[in-house]
Amino acid sequence: MIEPRHTAKVYRQEPIADGIYSMWIKTPAASVAREGQFINVYMEDGAHILPRPISICEVKEKAGLLRIVYRIAGKGTKAFSKLHAGDDIDVFGPIGNGFPEVNGKVLLFGGGIGIPPMLFAAQKYKKNATSVLGFRNETFLLSDFGLTRGHIFVATEDGSSGVKGTVIDAIADAEVEADVIFACGPLPMLRAIKSYAKEHGIPAYVSMEERMACGVGACLGCVTKTVSVDEHSHVNNARVCKDGPVFFAEEVEL
Ligand SMILES: Cc1cc2nc3c(=O)[nH]c(=O)nc-3n(C[C@H](O)[C@H](O)[C@H](O)COP(=O)(O)OP(=O)(O)OC[C@H]3O[C@@H](n4cnc5c(N)ncnc54)[C@H](O)[C@@H]3O)c2cc1C
Ligand code: FES
């Protein structure tokens, strides 16, 4: 039994692009984590008591290792970037529903810092996965996606790699077969994917990255608007931390 909040050890940490870090931690959470779940990471500095949610990028189950890839956004992520191998780090999780288990061909869309959780899914579905990855300019994790043996399409905003444009532009001329879509990234990207999914008659699941406070469903700080009424709040809301972060695209207002 894994304690939800526990102390893990930093196993390795390195920058993989400008302002983006990859951190492997040793934690029993590695043996139970599923694609699309996240962990809450605490800062050593007691002045910042709210943990920071970070998606699980991949695991090495037997070695008990779990990888997160994060962009420095503010104080918390800056503090994480200072940690070294052997340091303690408090984490809570794995948390969240994760992507559903599916059969057939999976089309994965990742945008920016929404790309790391898609690697976990690409590793699971291997040749049955097509990954469409959208970067601003500098790419990261491409060699990791290359090892999954799935198909890969790349888009960059500045055209420095792959197609110049969005993830939708990247597959505009390709005949991609898919039974289901999983996506994580900025809201405009998720909106475009919801339309693409509707147009092509493919069910889509999106992972939302709302700002969070308590992280355990108590404060309603992370609600997203939904089509149906939430049992907890009796309004058209869902808590991303407790009910998500993965939602059926038709169920949420993007
Ligand atoms: C379920 C989930 C999974 C996530 N997975 C990842 C991941 O794999 N890698 C990663 O780099 N980040 C991820 N994030 C975002 C990450 O949690 C925030 O970047 C982090 O909490 C910022 O903390 P900070 O103390 O560094 O910055 P803060 O000082 O708290 O904030 C710095 C700036 O970032 C903005 N910000 C903070 N949180 C978010 C957010 N959730 N969405 C948009 N803007 C935000 C703030 O408004 C502010 O402008 C995820 C968020 C969620 C909810
Ligand atoms: S962060 Fe408090 S309910 Fe989600």
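The values are calculated or read from the model by the stated rules, or taken from the named source; none is laboratory data. This structure is a prediction, so every number in the text was calculated from the model and none was measured. Cβ: placed from backbone, ideal geometry, glycine included. Neighbour counts: every protein chain shown.
Quick notes on this structure:
- All positions within segment 189-212 that are within 15 Å of ligand 1 (Cβ to nearest atom) and surrounded by fewer than 14 Cβ atoms within 10 Å (Cβ to Cβ): R211
- Residues that are of a type outside the set (S, T, N, Q) and either part of a loop (DSSP other than H, G, I, E, B) or touching a residue at least 12 places away in the same chain (Cβ under 8 Å) (or both) within segment 151-166 comprise H151, I152, F153, V154, A155, E157, D158, G159, G162, G165, listed in sequence order.
- Odd one out for G221 among (1) of a type in the set (G, A, S); (2) away from ligand 1 (no atom under 16 Å from the Cβ); (3) in contact with a Cys (Cβ under 8 Å, 6 or more places away or on another chain): (2)
- Any hit, segment 157-176, residues being of a type outside the set (D, E), within 23 Å of I54 (Cα to Cα) and either touching a Cys at 6+ places or on another chain (Cβ under 9 Å) or within 16 Å of ligand 1 (Cβ to nearest atom) (or both): no
- R136 fulfils the conditions (1) under 19 Å from the mean Cα position of the chain (by Cα); (2) surrounded by 14 or more Cβ atoms within 10 Å (Cβ to Cβ) except for a single criterion, (2).
- Residue check, E44 within 14 Å of I89 (Cα to Cα) and among the acidic types (D, E): yes
- Count of residues meeting criterion [buried (at least 16 other Cβ atoms within 10 Å of the Cβ), without any contact (Cβ under 8 Å) to a residue 60 or more places away in the chain and not assigned by TED's automatic domain parsing to the domain that holds M208] in segment 81-122: 0
- The listed residue being in contact with a helix residue (DSSP H, G or I) (Cβ under 7 Å, 6 or more places away or on another chain), surrounded by 15 or more Cβ atoms within 10 Å (Cβ to Cβ) and under 26 Å from V102 (Cβ atoms), out of A238, A249: A249
- Evaluated against (1) hydrophobic (A, V, I, L, M, F, W, C); (2) within 12 Å of ligand 1 (Cβ to nearest atom); (3) free of Cβ contacts under 8 Å to residues at least 60 places away in the same chain, L65 falls short on exactly one condition, (2).
- One residue stands out among those in segment 10-54 that are within 10 Å of ligand 1 (Cβ to nearest atom) and within 21 Å of T139 (Cβ to Cβ): the one that is farthest from the chain's Cα centre (by Cα), which is G19.
- Among the residues of this structure, F120 does not count as one that is touching a Cys at 6+ places or on another chain (Cβ under 8 Å) and within 21 Å of Y196 (Cα to Cα).
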